Structures are given as C-alpha cells and as structure tokens.
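**Student:** My questions will all concern the structure given below.
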C-alpha cells in the first residue's frame with residue numbers, strides 16, 4: 001500500500017492552475033488591482049472612542065489593553081500587595097514624606113514588566129494601580145523606562161482621569177488617612193452611582 005502511494009503522482013495547486021492564472025500570478029496583477037483600488041481612498045476609521053469621543057485625547061484602544069502602569073495618588077495606601085505579587089519583581093516601594101509622615105508608594109521598571117495585570121487585580125483600592133492604554137513605551141536609555149511614583153501620578157492624570165470623568169472607568173477608593181472626609185464621601189457616592197448605572201465598568 002505504501003509503495004502504491006509513493007508511486008502516485010502528487011498534484012499541487014500550481015499544477016492544477018491554467019495558463020491564464022499562471023500569467024496573472026507571475027505578473028502580480030491581482031495584488032496590483034487591490035492596491036490601485038484602495039490607494040486613493042481616504043480611510044474612514046474613527047481613531048477615538050466611539051461613544052465618548054469628546055473626552056478622548058488619544059487614539060482609541062480597547063479597555064482590556066495593558067499598557068504602562070498608572071498610580072492614583074489619593075487611593076494608594078502602600079500595602080505592598082502589588083510588590084509581593086509581581087512575578088518579575090519590577091515593582092519596588094519608594095518612601096515619600098507627606099505631612100510629616102512617611103508613606104511608601106510603588107515604582108516600577110517598565111523594561112522588565114510583562115504586563116500580566118496581577119498588580120492591578122491584587123489591589124484592594126478599586127485598582128489604585130492600573131494599566132493605561134499607553135502603547136508607546138520605548139526609550140533611548142534604560143533610565144527612561146523607570147517610572148517613579150511621580151511619573152505614575154502623571155500617567156494617571158493623563159490617561160485614567162479623563163476616562164473617570166467620562167464615566168467609562170471606575171473611581172479608585174481614596175485613602176482615608178490622607179484625604180479629607182468630605183472629598184472621600186463625594187468620590188464614594190460617585191463610585192456607587194457608577195456601579196448602579198453600569199455593572200460592566202472595570
């Protein structure tokens with residue numbers, strides 16, 4: 001049986017083609033037809049968020065995308081959960097002096113971060129540390145890939161805060177020790193209102 005199969009003629013798709021198809025393939029006429037048909041068309045893709053376009057400052061990226069990390073200055077309590085759960089050990093806690101008291105906030109090295117999202121999931125302050133939609137994370141030197149708490153605060157104000165104001169992202173729970181009670185109550189009411197309106201908000 002194997003000898004009979006070995007003697008059978010193998011017919012490839014190229015050998016089944018006719019002479020005309022061979023000529024078209026040789027001259028690349030079909031790809032040229034597609035290119036000329038779409039070359040002069042203006043793309044009609046909407047780069048910004050389809051629903052909250054007026055709140056978008058950057059091209060629209062899916063919410064599930066895990067970009068650079070951002071940190072909420074008001075919500076982070078320095079519990080070190082993100083540092084302990086990080087598999088690559090890229091998160092370190094840096095001390096900061098606030099009103100005479102020492103607090104520790106996470107900083108990380110983006111060059112070794114594999115964007116697994118475990119730090120975001122382990123945070124018990126409603127994602128005080130959160131992945132952004134910032135996909136451009138290249139740098140010329142290694143020092144540019146190190147994100148201190150201050151740089152992570154800037155990432156929060158630039159990428160997460162517009163989504164919170166637009167109602168497409170959760171409000172992080174502030175730390176009672178460092179935030180005034182009235183301000184905390186206002187944000188807590190806003191978070192509860194978002195939860196009742198849409199349960200799919202991440």
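**Student:** Looking only at the stretch 47-67, decide whether some residue is modelled with pLDDT of 80 or more and either part of a strand (DSSP E or B) or in contact with a strand residue (DSSP E or B) (Cβ under 6 Å, 6 or more places away or on another chain) (or both).
**Tutor:** Yes, the stretch 47-67 contains a residue that is modelled with pLDDT of 80 or more and either part of a strand (DSSP E or B) or in contact with a strand residue (DSSP E or B) (Cβ under 6 Å, 6 or more places away or on another chain) (or both).
**Student:** So, one more: Those residues that are in a strand (DSSP E or B) and surrounded by 13 or more Cβ atoms within 10 Å (Cβ to Cβ), I need them from the stretch 91-117; list them, please.
**Tutor:** Within the stretch 91-117, the subset in a strand (DSSP E or B) is 91-98, 101-109.
Across the stretch 91-117, the qualifying residues are 91, 92, 93, 94, 96, 103, 104, 105, 106, 107, 108, 109.
**Student:** Can you tell me which condition residue 201 does not meet? The list is (1) part of a helix (DSSP H, G or I); (2) at pLDDT below 80, and all the others hold.
**Tutor:** (1)
**Student:** Moving on. Report every pair of residues separated by at least 6 positions or lying on different chains whose Cβ atoms are under 6 Å apart, first residue within the stretch 73-90 and free of Cβ contacts under 8 Å to residues at least 12 places away in the same chain and on the phi > 0 side of the Ramachandran plot, second crowded, with 17+ Cβ neighbours inside 10 Å and assigned to a loop (DSSP other than H, G, I, E, B).
**Tutor:** Qualifying pairs under 6 Å: none.
**Student:** Restricted to the stretch 127-136, and to residues that are crowded, with 16+ Cβ neighbours inside 10 Å and assigned to a loop (DSSP other than H, G, I, E, B), which residue is modelled with the highest pLDDT? Talk me through it step by step, then tell me what you get.
**Tutor:** Taking the stretch 127-136 and keeping what is crowded, with 16+ Cβ neighbours inside 10 Å, we get 127-134.
Subset that is assigned to a loop (DSSP other than H, G, I, E, B): 127-128, 132-134.
Working: 127: 87, 128: 92, 132: 89, 133: 83, 134: 84.
Within the stretch 127-136, the match that is modelled with the highest pLDDT is 128.
**Student:** Another question about this same structure. Exactly one condition in (1) over 28 Å from residue 168 (Cα atoms); (2) in contact with a strand residue (DSSP E or B) (Cβ under 9 Å, 6 or more places away or on another chain) is false for residue 101; which is it?
**Tutor:** Failing condition for residue 101: (2).
The values are calculated or read from the model by the stated rules, or taken from the named source; none is laboratory data. Please read all numbers here as calculations on a predicted model, not as lab measurements. All Cβ positions, even for glycine, are placed from backbone atoms using ideal geometry, and neighbour counts span all protein chains on display.
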